[in-house]
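Input: one structure, supplied below.
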Amino acid sequence: MSDSKTVREEISRRRMLYVLACFYGASLTGCELVRSSISQNLGHRIPDSIKSSGIVGSGREVDLDFHTLSRISFGPFPGDLDRLKAMGASYLEEQLHPDSIDDKAADVRVRRFESLEFDMHNMHEFKKEVLRSDMARFTMLKAIYSRRQLLECLVEFWSDHFNISIDKGDCIYLKPADQNNVIRKHALGNFRDLVLGSARSPAMLIYLDGKDNHVSKAGDRPNENYARELLELHTMGVYGGYTQQDVYEVARALSGFKLHDRYRRGEVYFDRSCHDDGPKKILGHVIAGGGGEGDLEQVIDILMKHPSTAHYVAYKLSRYFVSDNPDPQLVKELADTFKETKGEIKPMLRQALASDQFKSSLSRATKFKRPFRFMVSSIRALAGDTNAGAPLVRYLERMGQPVFQYPTPDGYPMESQPWMGTLLWRWNFAMALCANKIESLSVDLPRLGEALNADYSPPKFQNKIFPYLVGRLPDEGERQAFSESKLKEQELLAMILCSPAFQMH
Amino acid sequence: MPENTKNSKDIKNTKDTAGKGKQQAQSQPLSESGGQQTRPGGRAAAALTVDFAASEHCLVVIFLRGGADTLNMLVPSFDDDYHRFRPTIAIGKSLPLPASAPGALAYGLHPQLAPLLPLYESGELSFVQAVGTDNLSGSHFEAQDQMEHGSTFKGGHVEPVSGGYLGRLLALSSGPLGPLSAVSMGTNVAESLRGAPSIAALSGIDEVVLEAPTAETAAVSATLAKLYGACSNKELAGAATSTLQMLERIKALGLRQQQENLRKLKGANWQYPDSELGQGLRDLCGLIKARVGLKVACIDSDGWDTHFVQGNEEGLQAGFIRDLGNSLRAFQDDLGPLRKQVTTVVLTEFGRRVYQNSSLGTDHGRGFAAIICGGAIKGGRVVGVYPGLKEDPSLTLAPTGLSVLIDYRDLLFDVMKQTFSIDERLAAVVFPGIRYKQILSLPG
């Protein structure tokens, strides 16, 4: 392709984008209404009747199916529990095969974000603020409305595991490609594809300085940034058994990748003159000299075969899906599956979700929801209708979990303690949500009440509405707190979302 | 594990060659800390408490996340090796620090730290050279975790301890502490505060308000207090209690108005940068002036992980340094006479390599220079011996850099001791396993 042709293409694209932007700016409100109504007709609404109560036996423990839904999804949407109870084990299989699930309703909701459908060469046409907002809204809408909920959970999981902050360099232009071509594409696939895809992802090459890791003459020192995090965070874990020497050797092996900065902006290429082509010794394995670009795959293969990688991935998945303190035996079993299947993700998930520890009543409602999950699960439970506009994004920022903006490569913490300071903002969000006071988000509580055949009278509130949201009956302390409260109707409902029970999943 | 023995040997070797004279004694605790020594101290100290109510003093910890390259902040201009290892990124035009004593090394200051120079000259600010942990992992997260929990690195791992070092300090209080005794600026609660009787996480004072759109806030608070009071998850119940108390306290103080009044009163004699650090320190100053019972506060500055084109007098790191210098200076100016009661410490998880990498940045290293400002601590000096810069072949078990000659725990306990007049025997409670040695009494 000649350069002049590319330039012409660039110009015409620019003009088209401008026209598109004007069109969108002018007609936003009308579009939003249409989208939301189409989406509702496609099934994003409260069913006429919700049968499952969320109570099993004495109602003291969280219902196992409710527990399952609160781990393989961002919390039940009205009707989900009925569906899971009707389908049994095939529900999980369906979730493991997201392509088999019709997701038009969610697609309609996210189709508004033109920017995310452009290829990465043309992303620079957009203002950073547009991309930042589009990515956040896209991510929230998918989490709220997609029926492929397990996929969305894994997208969250891998987005943290291979964290990239869009605040560094050009990452903001290239993260959409990373999200589509690496994280979403392989979220339920094979771990090797994820690592390799991430290693070659333009956004990652910027975020961890891979594109500037050059060794072109004697005495040049490689940039170790990516090499260290590849070992520490992406594969082996910090105590996985590598040394500083291994980090240095991996950095040498991965030197020479660069990004185009004009035409085909953002695309990766390999510059052999900046690659350290000598032999390397990594974790006891020798990579012969002269390997060039192929060194990367050799490094990944060494890491894939290392038992620490299997263990680390197994541990993190168990921690996310099963318990903050996963049983070492369970982790070992998952790690064995990783080794046998060479990094297949689905079999590990099946194993984790079928485990005794997962089903145990001791594991239920023991994980503290991070702000993103707290907000999404609240909106899902009440079937909120939203375009995830600026007010919602601001709540998320305020609670310290803005999308793709965690600065350091370890991703948003899984531990509960760092999030303990966010209670006030959760309470404010829940009260505003139930009072229909959040612009761009509405809930239809009377309709939800009808579907549940419940009202705010104490028995119905405690025996229907509370279990619907929490998966069990209120305990003595909760009953007392509600019955003594001066709050009424939707104010009281908000208190369930504010309560300690709803902070857990 | 053979690796670990090797590792600990490495530490000793580094220090033995680096330590000159008195410094050798200083370097001992790192490799020998822990062990039986702590137990008797711990038992004796168990009955001791800290009377926080006795003074208005408080401690502010600024954490530079990412591993700050302090070699370009407190510049060893006198060392030819420094310029040799950093042909492109060395700070050539540093501001000379006045010598604190005859024969003291002639360090320079990064030009963007100029706002701190008057504080140094008036004896209110000092540097402590070659501070660090014994962490060999080279990982930000492990090193930060270790520092904030106040533990050691043993057998190739960070030794688990319960709570953070500031949390343990506050838990020693002889009397009840208020809801704003421990403040973490930002959304995330600093790990070092874990275990404190009460922790408030604030992004800004003006945002601390319970917004009940339709109901009475008192009724909401009452219901929440009952729901969380009956909750068996103690961590969650404690966080809710802290939050509810903080709301009450801030409301009762009318802090927002007070801040506004103070600002009008003082005019714009100081200029806080419009950064998280600057604005956070501004809010902290408001809390301190309002005498809400603040004892310790934690605040972060992000982005110091300068692997790539870090710049020198200008550039990427210079921007962070400018923000730090201006924020700290504005904080001191704003505090006015109160700065005698407020000690500020600036820390990072590790320093960086002595040499520049091929992308004109620096990779993870070891020791760093801490900054101590205000309070009753004697400033105008660089505490600690300069370990020199050594050629680093990189092919070792752990990242190298400036050698660590001062255990960060000794320094932090010294600062706490001087700020809150704490009994020395409490060192082993605040930092389990420590064999405490004074740092700030060393000649500069």
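Of the numbered conditions (1) part of a loop (DSSP other than H, G, I, E, B); (2) at pLDDT below 95, B:PHE350 satisfies every one except a single condition; which is it?
Only one criterion in (1) part of a loop (DSSP other than H, G, I, E, B); (2) at pLDDT below 95 is unmet by B:PHE350, namely (2).
Quick one: in region B:395-425, of everything that is in contact (Cβ under 8 Å) with a residue 24 or more places away in the chain and within 14 Å of chain A (Cβ to nearest Cβ), which residue is nearest to B:LEU59 (Cα to Cα)? First the steps, then the outcome.
Residues of region B:395-425 in contact (Cβ under 8 Å) with a residue 24 or more places away in the chain: B:396-412, B:414-416, B:418-423, B:425.
If we keep only those that are within 14 Å of chain A (Cβ to nearest Cβ) too, we end up with B:396-401.
On the way: B:THR396: 38, B:LEU397: 36, B:ALA398: 32, B:PRO399: 31, B:THR400: 31, B:GLY401: 29 Å.
Out of the qualifying residues, it is B:GLY401.
Can you find, within region A:396-417, the residue that is nearest to the other protein chains (Cβ to nearest Cβ) among those that are outside any helix (DSSP H, G or I) and farther than 19 Å from A:ILE172 by Cβ? Lay out the reasoning, then the answer.
Looking only at region A:396-417, we keep the residues that are outside any helix (DSSP H, G or I), and these are A:399-416.
From what is left, the residues that are farther than 19 Å from A:ILE172 by Cβ are A:399-400, A:410, A:413-416.
On the way: A:MET399: 6, A:GLY400: 3, A:ASP410: 5, A:PRO413: 8, A:MET414: 12, A:GLU415: 9, A:SER416: 7 Å.
In this case the residue turns out to be A:GLY400.
So A:VAL108 clears everything in (1) farther than 22 Å from A:HIS505 by Cα; (2) surrounded by fewer than 19 Cβ atoms within 10 Å (Cβ to Cβ) except one condition, right? Which one?
Unmet for A:VAL108, out of (1) farther than 22 Å from A:HIS505 by Cα; (2) surrounded by fewer than 19 Cβ atoms within 10 Å (Cβ to Cβ): (2).
Among (1) within 14 Å of chain A (Cβ to nearest Cβ); (2) outside any loop (DSSP other than H, G, I, E, B); (3) of a type in the set (Gly, Ala, Ser), where does B:ALA428 come up short?
(1)
Looking at region B:358-381, is at least one residue part of a helix (DSSP H, G or I) and out of contact with any Lys or Arg (no Cβ under 8 Å at 6 or more places or on another chain)?
Filtering region B:358-381 for residues part of a helix (DSSP H, G or I) gives none.
Taking every residue of region B:358-381 in turn, none turns out to be part of a helix (DSSP H, G or I) and out of contact with any Lys or Arg (no Cβ under 8 Å at 6 or more places or on another chain).
Among (1) more than 10 Å from every other protein chain (Cβ to nearest Cβ); (2) on the phi > 0 side of the Ramachandran plot; (3) not polar (S, T, N, Q), where does A:LEU441 come up short?
Here A:LEU441 clears every test but (2).
Being under 19 Å from the mean Cα position of the chain (by Cα), part of a helix (DSSP H, G or I) and surrounded by fewer than 22 Cβ atoms within 10 Å (Cβ to Cβ) is true for just one of A:LEU330, A:LEU353, A:LEU362. Which residue is that?
Just a single option satisfies the conditions, and that option is A:LEU353.
Now a separate question. Take the residues of region B:178-198 that are of a type outside the set (Gly, Ala, Ser) and either part of a strand (DSSP E or B) or modelled with pLDDT of 85 or more (or both): which is farthest from A:GLN401 (Cα to Cα)?
Here is the first cut: in region B:178-198, the residues of a type outside the set (Gly, Ala, Ser) are B:179-180, B:183, B:185, B:187-189, B:191, B:193-194, B:197.
Remaining after also requiring either part of a strand (DSSP E or B) or modelled with pLDDT of 85 or more (or both): B:180, B:183, B:185, B:191, B:193-194.
Working: B:LEU180: 24, B:VAL183: 20, B:MET185: 15, B:GLU191: 17, B:LEU193: 21, B:ARG194: 20 Å.
It comes out as B:LEU180.
Now for a separate question. Looking at A:ARG228, A:ARG221, which one is within 12 Å of chain B (Cβ to nearest Cβ), under 17 Å from B:HIS140 (Cα atoms) and without any contact (Cβ under 8 Å) to a residue 24 or more places away in the chain?
On the way: A:ARG221 fails: under 17 Å from B:HIS140 (Cα atoms).
A:ARG228 is the lone residue from the list that is within 12 Å of chain B (Cβ to nearest Cβ), under 17 Å from B:HIS140 (Cα atoms) and without any contact (Cβ under 8 Å) to a residue 24 or more places away in the chain.
From the list A:GLU397, A:GLU344, A:GLU333, which one is without any contact (Cβ under 8 Å) to a residue 12 or more places away in the chain and of a type in the set (Asp, Glu)? Before you say what the answer is, go through the steps one by one.
Numbers: A:GLU344 fails: without any contact (Cβ under 8 Å) to a residue 12 or more places away in the chain; A:GLU333 fails: without any contact (Cβ under 8 Å) to a residue 12 or more places away in the chain.
Going through A:GLU397, A:GLU344, A:GLU333 in turn, the sole match is A:GLU397.
Do you know which residues across region B:205-242 are surrounded by 18 or more Cβ atoms within 10 Å (Cβ to Cβ), modelled with pLDDT under 90 and either outside any helix (DSSP H, G or I) or not small (Gly, Ala, Ser) (or both)?
Matches in region B:205-242: B:ILE205, B:VAL208, B:ALA215.
In region B:157-171, is there at least one residue being without any contact (Cβ under 8 Å) to a residue 24 or more places away in the chain and surrounded by fewer than 16 Cβ atoms within 10 Å (Cβ to Cβ)?
yes
On to the next question. Evaluate region B:138-159: report whether one residue or more is in a loop (DSSP other than H, G, I, E, B), away from chain A (no Cβ under 11 Å) and on the phi > 0 side of the Ramachandran plot.
Yes, region B:138-159 has at least one match.
While we're on this one: Looking at this structure, is A:THR366 in contact with a strand residue (DSSP E or B) (Cβ under 9 Å, 6 or more places away or on another chain), within 14 Å of another protein chain (Cβ to nearest Cβ) and closer than 27 Å to A:ALA314 by Cβ? Step through it out loud before you land on a result.
Numbers: in contact with a strand residue (DSSP E or B) (Cβ under 9 Å, 6 or more places away or on another chain): yes; within 14 Å of another protein chain (Cβ to nearest Cβ): yes; closer than 27 Å to A:ALA314 by Cβ: yes.
Here the answer is yes, as A:THR366 does meet what is asked.
For A:ILE164, which of the numbered conditions (1) crowded, with 24+ Cβ neighbours inside 10 Å; (2) at the interface with chain B (Cβ under 9 Å from one of its Cβ atoms) fails to hold?
It is condition (2) that A:ILE164 fails.
Restricting to region B:55-109, count the residues that are of a type in the set (Val, Ile, Thr) and surrounded by fewer than 20 Cβ atoms within 10 Å (Cβ to Cβ).
Residues of region B:55-109 of a type in the set (Val, Ile, Thr): B:60-62, B:70, B:75, B:88-89, B:91.
Pick out the ones that are also surrounded by fewer than 20 Cβ atoms within 10 Å (Cβ to Cβ) and you get B:88.
The qualifying residues number 1.
Can you confirm whether region B:92-111 contains a residue that is of a type in the set (D, E, K, R), outside any strand (DSSP E or B) and within 25 Å of B:GLN144 (Cβ to Cβ)? Can you show your working first?
Quick first cut of region B:92-111, residues of a type in the set (D, E, K, R) only: B:93.
Now narrow it down to the ones that are outside any strand (DSSP E or B): B:93.
Remaining after also requiring within 25 Å of B:GLN144 (Cβ to Cβ): none.
Within region B:92-111, not a single residue is of a type in the set (D, E, K, R), outside any strand (DSSP E or B) and within 25 Å of B:GLN144 (Cβ to Cβ).
The rows are residues; the columns are (1) hydrophobic (A, V, I, L, M, F, W, C); (2) within 10 Å of another protein chain (Cβ to nearest Cβ).
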| site | (1), (2) |
| --- | --- |
| B:LEU169 | yes, no |
| B:ARG194 | no, yes |
| B:SER198 | no, no |
| B:ALA201 | yes, yes |
| B:LEU224 | yes, yes |
| B:TYR228 | no, yes |
| B:LYS251 | no, no |
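Something else about it: Considering only residues that are polar (S, T, N, Q) and buried (at least 23 other Cβ atoms within 10 Å of the Cβ), look in region A:452-505 and name the one that is nearest to the other protein chains (Cβ to nearest Cβ).
To start, the set of residues in region A:452-505 that are polar (S, T, N, Q) comprises A:453, A:457, A:462-463, A:480, A:483, A:485, A:490, A:499, A:503.
Narrowing further to those that are buried (at least 23 other Cβ atoms within 10 Å of the Cβ): A:499, A:503.
Working: A:SER499: 5, A:GLN503: 7 Å.
Among them, the one singled out is A:SER499.
The values are calculated or read from the model by the stated rules, or taken from the named source; none is laboratory data. The shown structure was predicted, so the numbers you read here are calculated from the model rather than taken from an experiment. Cβ sites come from the backbone with ideal geometry, for glycine too, and all protein chains shown count toward neighbours.
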